[in-house]
Each structure stands twice: as C-alpha cells, then as structure tokens.
Amino acid sequence: MENNKIKVAHVIRVFSYGGAEVLLREIFASRTFQQQVISDLFILDHKKLGLLPQVEGNIRKAYYYRITTVKFLLEYIKFLRHIAKGDYDIVHMHLPVAGWMGIVAKLFTGKKTKFIYSEHNLVTHYSKYNYNLSGLTYSYFDAVIYVSHEVGEVIKEQQKGRFFKTKKAVTILNGIDTEKFNNSNKLEQRNDKLTVGLVARFRPQKRVDRWAEVAAEVKKLSDKFSFLMVGDGPSDNLLRERMAELGLKENVDIQLPGQQTDTFAQYKQIDIFLLTSDFEGLPLALLEAMSCGCVPVVSDVGGIRQLDFDGFGYKFHTFNAKGIAMQIVEYLDKDKWACEGKKSRQFVEQNFSLHKQVEEILDLYREMLR
C-alpha cells in the first residue's frame, strides 16, 4: 500500500452511460473512497469515454486502449504491461470482457496483487462467448462481487466443476448517493399531467420497443400523461421503428432528448419510472429515480425481484401493455401518487445508500490484502 492507501486499478470495457459505469463514477466521487484508495482507471474501448471528464478530478490517472481496431494485439499487450508495471494492490474488473481480458494480467503481477471481479448482470443472458469466457475465468478471480442476490443465485446454478467456480463470493448491493438524488419538492412541482419516464442505455435487454407499446396504451386511456425517454444506444432504431408502427411521434408524443449528463435533472421531470426490461442485475437508474420520489412500474426480473415493494409501485411478471397502462393511469389519483413516491424514497434511503456500498467494498479490499 502507498501512504497507507490501497492502490487499485479499475478495469472496464467502456466508460459511457451504462449503470455499472455511472456507479463507478459515483464511487470515485465518494470522499470516503478517495481518502482510502488511489484509483487508476483502465478503459478497453477508446470510442466510449463519455463519463471520463466527470471522474478525472477523482482518480489519479486514466488509460484507454484501441482493442476494437486492427491494433488489438498491440493495444492489449500495452494494457497488460501497464497493469504489471503499476504495482497495484488490487485489480478490480467490472463486467465481462474486462473480466476475462483483465485476469490475464495475473500472470505478470505476482501474488501480492489481488484480482476482484464485479458481476452486474445475470450471466445466463450474456452472449455465448461472454458466458463461456466468464465461466472459464471465474476460478482465477480472488473474489467475485455480486451486485444483487439474484445475480449470485444465478451464478450458483451455473457452477459445474471449475465452470463459474468462485474462491470467494460476496454480495454487495448497488448503492446511490441519496443526498444527491433527492427531490424533496416533488409534490409541489407536480403538474396536472404526469410524466412517465426512463433513463437508461438503450440496450436490447431494456426492450424499449415494449416501453413504447405501454406509452401507446396509456395515451388511449388518458390525455393527462407525457412521456420522456432519456438515453441512447444500440436499440435506438428499434425504438423509432416501433414508435412509427404505433403512430407515436418523436419529441411530440415521446420526448427523446438523447444522452444527458445531468441525470438528476431528468429524474426531477419524471413522476413514474417505467422499466420494461427482459433482464436486469440491480438497475442503478431505478434506484436513483426512486430516491428522487419517482414511483416504479417495472418488470419483475433479475435483481428487481429482491426489492420488496411494500405498499408502493407495481411489478409485472408478464408483459401486457394494456394491463400495465391501466396500473399507470391509477396514479392520476394525486394522494396515491404522492404516498407511493414518498415510500419509494424511504425504501432507497433505508436499503441502498452509496456510503454503505463503499464501506463494504473497502472492507473486502482490506480483507483480501491481509
């Protein structure tokens, strides 16, 4: 350790606006984390660096590589050399690709450096190559962090021999900064119309096509709703095609402002957070929205199943656009919406604080280095 601080290399494939990436940004910003950790950031894809300017004051150094080009091998060797020469106490890898590419560095760092991997999603939904390469490399990690109980349960189901075998596994639930994501004036800000919203990276598992279907059904039932989808990603075209089929107009029926850096400002506009995903680990955006008093209407999948919505929100087990829309329309009752929004905020405050997550990560780091 350097000056009694833990020296950590964080490795991730991209550093744009996905849940794991945003969470890492928040961890870097934690004063407690900064006081005890020296952080270097290693990004494997030079094309997606959208969050980098937001963390540069909270880390020591950032590296990025051109692994998606013909220079892949040279760039990968450069990455391994940087890790080997960095004399790190911990190499902490986030998500697949970073996991199975980063673990190779263990051959060059010696026994003192510990390798930790954070699993943010359900591995059964990974592409075949990510699933197999992850399964083969799990046994080489010194510890694996599951971001939800569901993520851990799925890993246990996949374990066969050395496949997905773990030396040490610990569940550390995703946390958020509840002071930052706090919209205490939400009740006073409510208009006659309610805004149904989403803040996400538009990946295939988010099923933004289904989101549009629910919006179309809500519009049939009431004209007292507006719709806001914040983000971008590989499913952009799918969303627009489905909107056209449903007769929904971009930035008329559904506002599509694209990727936004100030997500708190977006949550302030949202009254009901609608998530229609096929699968999730434990979605950070959902917790941030709830912390801002948004009422959750979400698919009951992955880590969301572990969230005990007692007296607030709505989870759907099977997708039925009309049925979901009918549930959303019930929130036109101002007292119902206000009560459940308050309970959403309280739920996150009690169970998913960023401070708690940071302390648990630091405890794991110290344990691994004893």
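Translational diffusion of the range 95-190 was estimated from the Stokes-Einstein equation, with Rh taken as the Kirkwood radius over Cα pairs; at 25 °C and 0.890 mPa s the coefficient is 164 µm²/s. Exposed loop sites were defined as GluC sites (Glu not before Pro) in DSSP loop states (anything but H, G, I, E or B) carrying at most 15 other C-beta atoms within 10 Å; in the chain the longest segment without such a site runs 180-370. Of the trypsin sites (Lys or Arg not before Pro) in the range 114-166, the ones in a loop by DSSP (not H, G, I, E or B) with at most 13 other beta carbons within 10 Å are R162. Between the amide H of V199 and those of V230, distances stay under 5 Å, these residues lying 5 or more places away or on another chain, with hydrogens modeled in the peptide plane. Here K224 and K315 are evaluated by their C-beta separation; at R0 = 25 Å the FRET efficiency comes out at 0.60. For the chain, with all protein chains in place and a probe radius of 1.4 Å, 47% of the accessible heavy-atom surface sits on carbon or sulfur. Quick one: Cα centre-to-centre distance for the range 162-216 and the range 1-35, in angstrom? If you average the Cα positions of each part, the centres end up 21 Å apart.
Angle check, please: helix 149-158 long axis (alpha carbons) against the longest principal axis of the chain (alpha carbons), in degrees 0 to 90, nearest 10. Computed tilt is about 60 degrees.
Centre-to-centre separation between the Cα atoms of the range 76-108 and those of the range 348-365: 25 Å. Note on L73 and K342: their simple-model spin labels are 6.5 nm apart, each label 7 Å out from Cα toward Cβ. The stretch between L107 and F163, if pulled fully straight at 0.36 nm per residue, gains 18.2 nm over its current Cα-Cα span.
The calculated FRET efficiency for the pair D278 and Y131, based on their C-beta separation and a Förster distance of 25 Å, comes to about 0.95.
Per residue, the convex hull around the alpha carbon atoms of the chain comes to 134 Å³.
The values are calculated or read from the model by the stated rules, or taken from the named source; none is laboratory data. Keep in mind that this is a model prediction, so the values were computed, not measured. So basically every Cβ, Gly included, is an ideal-geometry build from the backbone, and we count neighbours across all protein chains shown. Heavy atoms of the whole protein, side chains included, go into the accessibility calculation; ligands, DNA and RNA do not. Shrake-Rupley method; radii C 1.70, N 1.55, O 1.52, S 1.80 Å.
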